[in-house]
Amino acid sequence: MHLAVERGVPQEERRRVALGSLTDWDAARVFLEVARCGSFRSAAERLGLSINAVRRRVGEFERQTGATMFIRDVHGARLTDEGVHVMAAVERMEAASFDLLRASISASNALSGEIRVAVAEGLGTFWIAPRLVEFQRSFPSILIDLHCANRLADVSRHEADIAIQLTQPAALDIKQVRLGRMHLMFFASEQYLATYGEPKTAAELTKHRLVMQLADQAAAGDAFASLFPGQSERDLVVMKTNVSSANYWAVANGAGIGVFPTYAHALGGNGKVIPLDIDTHWSLDIWLSYHPGSGRIPRVRHMIDWLVEAFNPAKYPWFGDAFVHPRELEAVSMGEPPTHLFGGFPTEGR
């Protein structure tokens with residue numbers, strides 16, 4: 001028998017054409033098992049199929065290739081010349097499939113490569129970045145691309161592998177984890193309080209100098225209007241900035257009174273900013289999001305687990321649901337004292 005292809009095409013080329021037109025690779029696998037066993041019955045037992053199913057699959061394979069693969073007799077199934085050549089080609093296909101499987105397993109399990117983490121600028125600068133050394137010690141072959149910005153990253157469009165933000169993501173096709181809650185309050189430096197005095201109520205803030213971070217211009221404007229109705233920003237605000245680091249160092253060096261998370265007193269390790277006993281504070285939920293496909297990648301999964309633990313309220317009570325005054329944080333903390341967690345920050349302003 002011969003392969004049913006056009007005349008004038010070399011025999012080896014005809015085999016490549018025929019095998020390239022295969023539409024059912026499972027039939028090729030069954031053919032290979034029969035060729036190795038030399039018997040339809042033995043192949044059926046090894047494959048866990050009925051003997052009729054094996055014969056049907058081999059028949060389909062022969063129709064696809066246009067060649068008769070076996071001579072059947074009382075001794076079993078013996079390969080034809082065409083069958084011998086096709087078997088060699090199918091064995092190469094099998095070897096290639098094993099290589100592909102090993103490569104995919106290796107790639108999927110490899111704890112190396114790059115992870116893109118997008119995070120709200122303040123959390124990224126003051127909380128996550130100082131902690132990342134812990135993750136890198138455990139996974140030294142992973143490159144972390146930490147993007148700290150106030151613009152939200154869309155993980156559903158793969159702008160980042162993981163995003164951490166202070167508003168709940170609106171996309172429905174992503175995974176979301178509520179990490180905890182950030183509590184905000186007023187702070188000032190000793191230098192400022194020695195010069196201008198300490199306000200005791202929100203109303204007394206109208207006699208002071210304010211520093212504002214405009215992460216969201218509209219939200220900041222609304223917050224100011226609700227806290228100081230009828231007042232103009234120009235009457236109270238002496239400095240505006242778009243990033244948390246500039247906002248912090250301005251307040252820490254006496255520029256005015258600012259709003260920070262409750263853990264801000266620990267930044268620098270020596271209480272550069274002091275919480276004010278004003279009965280006004282705010283809370284924002286912290287959300288982690290990621291694409292379901294990204295979450296199945298081991299290196300991303302490890303990063304997600306690490307980030308969840310990095311915001312564990314049991315260990316870091318300033319991320320708990322309840323507001324805890326900074327003076328009480330060290331007493332309720334079950335981990336390191338807050339000042340130790342931020343000891344890597346410089347103690348002088350920039």
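Extension gain, Glu159 to Ala225, is 20.4 nm, computed as 0.36 nm per intervening residue step minus the present C-alpha separation. In this structure, the amide hydrogen of Ile257, modeled 1.01 Å from its nitrogen in the peptide plane, lies closer than 5 angstrom to those of Arg209, Leu210, Val211, counting only residues at least 5 positions away or on a different chain.
Summing charges over neighbours of Ala188, with a neighbour being any other residue whose Cβ is under 11 Å away from its Cβ, gives 0 when K and R count +1 and D and E count -1.
With a simple spin-label model that places each label point 7 Å from the Cα along the Cα-to-Cβ direction, the separation between Glu94 and Arg46 comes to 0.7 nm. The stretch between His302 and Lys200, if pulled fully straight at 0.36 nm per residue, gains 32.2 nm over its current Cα-Cα span.
The length gained on full extension between Glu309 and Leu132, counted as 0.36 nm times the residue separation minus their Cα-Cα distance, comes to 62.5 nm. Here is the P(r) of the range 113-341: all C-alpha pair distances, binned every 10 Å from 0, give 7, 31, 34, 20, 7, 1 in whole percents.
Between amide H atoms placed 1.01 Å from N, distances below 5 Å from Leu146 occur with Val117, all of them 5 or more places distant or on a separate chain. In plain terms, the residue of Val117, Val34 with the fewest other Cβ atoms within 10 Å comes first and the most crowded comes last, giving Val117, Val34. Net charge of the neighbourhood of Thr201, taken over other residues with C-beta under 14 Å away and scored Lys/Arg +1, Asp/Glu -1, is -2.
Taking a quarter of the surface of the Cα convex hull of the range 124-224 gives a mean projected area of 9.7 nm².
Only the coordinates and a few stated rules stand behind these numbers; no lab work does. A quick note: this is a predicted structure, and the numbers were derived from the prediction, not measured. Every residue, glycine as well, gets a Cβ built from its backbone with ideal geometry; the counts of neighbours run over all protein chains shown.
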